[in-house]
1. Please go through the stretch 173-205 and give me each residue that is more than 22 Å from Phe95 (Cα to Cα) and either of a type in the set (S, T, N, Q) or in the same structural domain as Gln10 (by TED's automatic domain parsing) (or both), ordered by number.
2. Quick check: is even one residue across the stretch 159-169 among the hydrophobic types (A, V, I, L, M, F, W, C), surrounded by fewer than 20 Cβ atoms within 10 Å (Cβ to Cβ), more than 22 Å from Ser231 (Cβ to Cβ) and touching a residue at least 12 places away in the same chain (Cβ under 8 Å)?
3. So how many residues does the stretch 209-246 have that are over 22 Å from Glu144 (Cβ atoms), assigned to a loop (DSSP other than H, G, I, E, B) and either at pLDDT below 95 or charged (D, E, K, R) (or both)?
4. Among the candidates Ala78, Ala48, Ala59, single out the residue that is of a type in the set (A, V, I, L, M) and either surrounded by fewer than 18 Cβ atoms within 10 Å (Cβ to Cβ) or modelled with pLDDT under 95 (or both).
5. Quick check on this structure: which one of Ala48, Ala21, Ala59, Ala67 is closer than 27 Å to Gln156 by Cβ and out of contact with any strand residue (DSSP E or B) (no Cβ under 9 Å at 6 or more places or on another chain)?
6. Would it be correct to say that Arg28 is surrounded by fewer than 16 Cβ atoms within 10 Å (Cβ to Cβ) and in contact with a strand residue (DSSP E or B) (Cβ under 6 Å, 6 or more places away or on another chain)?
7. So if I check each of Arg126, Arg153, which one is in contact (Cβ under 8 Å) with a residue 40 or more places away in the chain, of a type outside the set (Val, Ile, Thr) and either assigned to a helix (DSSP H, G or I) or in the same structural domain as Val73 (by TED's automatic domain parsing) (or both)?
8. Can you tell me which residue is nearest to Gln182 (Cα to Cα) among those in the stretch 127-159 that are among the charged types (D, E, K, R) and at pLDDT below 90?
Amino acid sequence: MQTDGSIDLQRSRWFSALPEALQEEVLRSSTRLKLRRGKHILRQGDPAAGIFGLVSGEAQIIGTTLAGLDILVAVFRAGDWTGFLSSVDEGPYTFSVVASQSCEVLHLPMPALKRIFLSDVEGFRRFILPQMASTRAMYSRVVESLAFTPLQRLAQRLVDLTSEPHGDLVTSSFISPVTQDQIALSIMASRQWTNRLLQHLEQADVIRLSRSRIDILDRDRLTQLAVRGESGFTLAEGFPAKVTAD
């Protein structure tokens with residue numbers, strides 16, 4: 001029998017691809033948590049404690065550098081799961097997950113996780129698929145980003161932050177809450193330069209900016225910019241497609 005929570009979890013390509021018996025076992029073995037905005041689901045550096053699935057709400061994935069800078073890595077929405085890597089190698093979590101809205105979360109602890117997924121080869125293969133997808137995407141992004149312009153990096157981040165963490169499925173048409181400082185850090189640019197780039201995209205009717213929120217108005221053009229760069233991309237009348245630093 002499906003509950004509202006299990007229906008939300010079906011948005012996850014990982015969870016929905018599991019055999020029904022495994023889905024039911026995950027739900028039976030998990031603990032439900034309710035968290036207010038600003039509360040940590042897990043913290044970077046904490047010991048592995050299992051995986052967490054978002055039933056409702058949103059959460060930001062934050063990576064903290066050695067210098068203490070908090071980088072917005074991704075946004076998790078209903079159906080997204082996290083904690084796979086640490087659950088396999090039993091090392092500490094590599095980033096923090098912080099509720100950006102009130103959230104309901106499923107926590108599958110390590111003992112149950114090992115019993116369900118890590119006792120045989122097929123179970124392990126099913127379990128590790130999201131982490132392998134993330135690793136493949138990371139390798140591709142590292143190579144591509146070496147040649148990206150600042151505007152192209154911005155477009156790619158906006159696409160990423162409105163897509164599922166382990167693939168390219170679109171999960172939202174907006175990012176909220178978010179600050180320009182968070183965006184600037186994630187594309188390795190100053191806040192002033194990032195603001196200028198965002199304004200160019202807004203003037204081109206690709207995005208709309210409002211307080212702590214970015215709406216994606218033309219995802220096709222944004223994706224084109226992210227994948228192919230500024231060549232042939234028209235921002236707005238009177239504004240060149242290729243934005244260069246002063």
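1. To start, the set of residues in the stretch 173-205 that are more than 22 Å from Phe95 (Cα to Cα) comprises 173-174, 190-205.
Ser173, Ser190, Gln192, Thr194, Asn195, Gln199, Gln203, listed by residue number.
2. Here is the first cut: in the stretch 159-169, the ones among the hydrophobic types (A, V, I, L, M, F, W, C) are 159, 161, 169.
Cutting the leftovers down to surrounded by fewer than 20 Cβ atoms within 10 Å (Cβ to Cβ) gives us 159, 169.
Applying the additional criterion that residues be more than 22 Å from Ser231 (Cβ to Cβ) yields 169.
Still in the running and touching a residue at least 12 places away in the same chain (Cβ under 8 Å): 169.
The answer is yes, given that some residue of the stretch 159-169 is among the hydrophobic types (A, V, I, L, M, F, W, C), surrounded by fewer than 20 Cβ atoms within 10 Å (Cβ to Cβ), more than 22 Å from Ser231 (Cβ to Cβ) and touching a residue at least 12 places away in the same chain (Cβ under 8 Å).
3. Count: 7.
4. On the way: Ala48 fails: either surrounded by fewer than 18 Cβ atoms within 10 Å (Cβ to Cβ) or modelled with pLDDT under 95 (or both); Ala59 fails: either surrounded by fewer than 18 Cβ atoms within 10 Å (Cβ to Cβ) or modelled with pLDDT under 95 (or both).
Ala78 is the lone residue from the list that is of a type in the set (A, V, I, L, M) and either surrounded by fewer than 18 Cβ atoms within 10 Å (Cβ to Cβ) or modelled with pLDDT under 95 (or both).
5. Details: Ala48 fails: closer than 27 Å to Gln156 by Cβ; Ala21 fails: closer than 27 Å to Gln156 by Cβ; Ala59 fails: out of contact with any strand residue (DSSP E or B) (no Cβ under 9 Å at 6 or more places or on another chain).
One residue alone meets the criteria, Ala67.
6. Numbers: surrounded by fewer than 16 Cβ atoms within 10 Å (Cβ to Cβ): yes; in contact with a strand residue (DSSP E or B) (Cβ under 6 Å, 6 or more places away or on another chain): no.
The answer is no for Arg28.
7. Working: Arg153 fails: in contact (Cβ under 8 Å) with a residue 40 or more places away in the chain.
Result of the check over Arg126, Arg153: Arg126.
8. Here is the first cut: in the stretch 127-159, the ones among the charged types (D, E, K, R) are 136, 141, 144, 153, 157.
Narrowing the set further to residues that are at pLDDT below 90 leaves 136, 141, 144.
Details: Arg136: 24, Arg141: 19, Glu144: 21 Å.
Only one residue tops the list, namely Arg141.
The values are calculated or read from the model by the stated rules, or taken from the named source; none is laboratory data. Computed from a prediction, not measured in an experiment: that's the story for all the values here. Ideal geometry is used to build each Cβ from the backbone, glycine not excepted, and the neighbour counts take in all protein chains shown.
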